[in-house]
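Undergrad: A single structure is presented below for examination.
The values are calculated or read from the model by the stated rules, or taken from the named source; none is laboratory data. Since the model is a prediction, treat every value here as computed from it, not as a measurement. Cβ coordinates were reconstructed from backbone atoms using ideal geometry, including for glycine residues, and neighbour counts include every protein chain displayed. Just the protein is used for accessible areas: all its heavy atoms, side chains included, with ligands, DNA and RNA removed. Shrake-Rupley method; radii C 1.70, N 1.55, O 1.52, S 1.80 Å.
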Amino acid sequence: MARELTLTQIEDIFQGLFVSILGWDITSPSKVNDVRISWPEEGMPAFLITDDVVFVQCLEVDEPYNRQREVEDTWTLTTPELFGRTIGYTRVWQVNAILYGPDSYQNSQELRDKIFYPEHQNTLQKNYLYLVPDVAAPKRVPEYFQGRWWKRVDMSFVLYESVVRSTTVPAIDSISVTIYEGDEGNKIAEINNE
């Protein structure tokens, strides 16, 4: 029973979550690509200064809690030949939202407030993600591009992911023990347990 999200899965979760929070219908031709994953392999089409767009960046955080490997180590016999080993720990994620457009500040406030709504918390918890409730205020950081100032707001969320990894280890089939006596090493007993 392994439980560990890939980076792509986490990006997809937050892309869907941000769309839901903002109430955007991305099936509408005018809203396609309005919540984008940062650093796409093929790039994305440009957007206008009047378009509201959100970029999602998911990064694993190097934090003291993330470094600790307080493992939950349980052994269960899965078959007569194999033991299952389950190890659990917490991974820390920072999810950045970079918002552009005329409503970027208002959209950042929507994300900051509505991520705490039960339906959005349930989405996170179903995926074993737990939001740290100390969400910093969004930062207004206008960006100068092609001779114009574009409205931009940056914000971040920190989450803990409960990770469980499972492996199997072969069980011991048999043991042979030989007992020797004295300095000469005379064999006095041999036990074979098969």
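Undergrad: The list (1) 176; (2) 136; (3) 212 gives values of volume of the Cα convex hull per residue in Å³, and only one came from this structure; which label was calculated from it?
TA: Recomputing volume of the Cα convex hull per residue in Å³ here picks out (3).
Undergrad: Also, quick follow-up: What percent do you get for the relative contact order of the stretch 7-193 when only Cα pairs under 8 Å and 6+ apart count? Mind dumping the intermediate values first?
TA: Details: 314 pairs, mean separation 38.9, N = 187.
After rounding, I find 21 percent.
Undergrad: With every protein chain left in place, what is the accessible area per residue of the stretch 7-193 in square angstrom, probe 1.4 Å?
TA: Details: 11790 Å² over 187 residues.
Here the residues of the stretch 7-193 average 63 Å² of exposed surface.
Undergrad: Assuming 0.36 nm per residue, please report the length gained on full extension of the stretch Trp149 to Ala171 beyond their Cα-Cα distance.
TA: Fully extending the segment from Trp149 to Ala171 adds 1.4 nm.
Undergrad: Could you tell me which of Ile179, Val92, Leu22 has its Cα farthest along the dipole of the stretch 7-193 towards the positive end, charges placed at Cβ (Lys, Arg +1; Asp, Glu -1), taken about the Cα centre?
TA: Positive-end residue among those listed: Leu22.
Undergrad: Then there's this: In debye, nearest 20, what is the charge dipole magnitude of the stretch 7-193 about its Cα centre with +1 on Lys and Arg Cβ and -1 on Asp and Glu Cβ, if you could check?
TA: Values: 16 positive and 28 negative charges, 192 e Å.
Using only the charged Cβ atoms, the result is roughly 920 debye.
Undergrad: Where does the chain land at 222 nm, in deg cm²/dmol rounded to the nearest 500, when only DSSP H runs of n ≥ 4 count, each adding -39500 (n - 2.57), divided by all residues? It would help to have the intermediate numbers written out before the result.
TA: Details: 4 runs with 40 residues, N = 194.
Calculated mean residue ellipticity at 222 nm is -6000 deg cm²/dmol.
Undergrad: Also, I was wondering about something else. Over the stretch 7-193, with every protein chain in place, what whole percent of the accessible area is carbon and sulfur at 1.4 Å, could you tell me? Numbers along the way, then the final one.
TA: On the way: 6000 of 11790 Å².
Carbon plus sulfur share of accessible area: 51 percent.
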